[in-house]
1. Keeping to region 9-29, report how many residues are closer than 20 Å to residue 135 by Cα and touching a strand residue (DSSP E or B) at 6+ places or on another chain (Cβ under 8 Å).
2. Any residue in region 172-189 that is free of Cβ contacts under 8 Å to residues at least 24 places away in the same chain sitting within a Cβ distance under 9 Å of a residue that is assigned to a loop (DSSP other than H, G, I, E, B) and surrounded by fewer than 18 Cβ atoms within 10 Å (Cβ to Cβ)? List the pairs, counting only those 6 or more apart or interchain.
3. In a helix (DSSP H, G or I), touching a residue at least 12 places away in the same chain (Cβ under 8 Å), touching a helix residue (DSSP H, G or I) at 6+ places or on another chain (Cβ under 9 Å) and surrounded by fewer than 14 Cβ atoms within 10 Å (Cβ to Cβ): is that true of residue 149 in this structure?
4. In region 110-132, what count of residues is obtained for those that are without any contact (Cβ under 8 Å) to a residue 60 or more places away in the chain and in a helix (DSSP H, G or I)?
């Protein structure tokens, strides 16, 4: 007998977003989240609109309440090999593949979709309008910030704990003084320029 519509579970929709496309160093990270409709999370928003402390609190709640979540990443050397857009899509693929439950559909923030086994939709400003994407945005940002703190422990001269790899004046000055670390993205113009100057010195 066919199951009545009112007994059917809603389709599992995963939200996906990334963090770390713009920095000069470190991985690009992506998160995939399937929220539990029976355990709503108040205050979900684009991670860039939240304080660091609020992101941390919400990330813990997302991990505790979501049906499933996973994080994927692409390393600096992969970014250099295939470019930042393709590396971002690769990180998204890895995040979705890391889910312990396969989603029926994936909603991605932005205008590009990774190639996946299920239907996928790109939603511009989805991190503002779709709760699952907001949750993924928060997780991706928190996980990447933690990764940059680890890198700061390995390479303290660059101040990764301060700028998380973004091209701030402090970071660019540190590059001029100390050169390029193994975690820097050599295909990015400011890093490439430093490498050129060091070779010519």
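1. Summing the residues that are closer than 20 Å to residue 135 by Cα and touching a strand residue (DSSP E or B) at 6+ places or on another chain (Cβ under 8 Å) in region 9-29 gives 14.
2. Hits for this filter: 174/159; 178/155; 180/186.
3. On the way: in a helix (DSSP H, G or I): yes; touching a residue at least 12 places away in the same chain (Cβ under 8 Å): yes; touching a helix residue (DSSP H, G or I) at 6+ places or on another chain (Cβ under 9 Å): yes; surrounded by fewer than 14 Cβ atoms within 10 Å (Cβ to Cβ): yes.
Considered against the rule, which asks whether it is in a helix (DSSP H, G or I), touching a residue at least 12 places away in the same chain (Cβ under 8 Å), touching a helix residue (DSSP H, G or I) at 6+ places or on another chain (Cβ under 9 Å) and surrounded by fewer than 14 Cβ atoms within 10 Å (Cβ to Cβ), residue 149 comes out as yes.
4. Selection size over region 110-132: 1.
Yes/no per residue for (1) assigned to a helix (DSSP H, G or I); (2) modelled with pLDDT of 95 or more; (3) more than 12 Å from the chain's Cα centre (by Cα):
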site: 38; (1), (2), (3): no, no, yes
site: 58; (1), (2), (3): yes, yes, yes
site: 69; (1), (2), (3): no, yes, yes
site: 78; (1), (2), (3): yes, yes, yes
site: 91; (1), (2), (3): yes, yes, no
site: 108; (1), (2), (3): no, yes, no
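The values are calculated or read from the model by the stated rules, or taken from the named source; none is laboratory data. Everything numeric here is computed off the predicted structure, so don't read it as measured data. In this analysis, Cβ positions are derived from the backbone assuming ideal geometry, glycine residues included, and neighbour counts consider all displayed protein chains.
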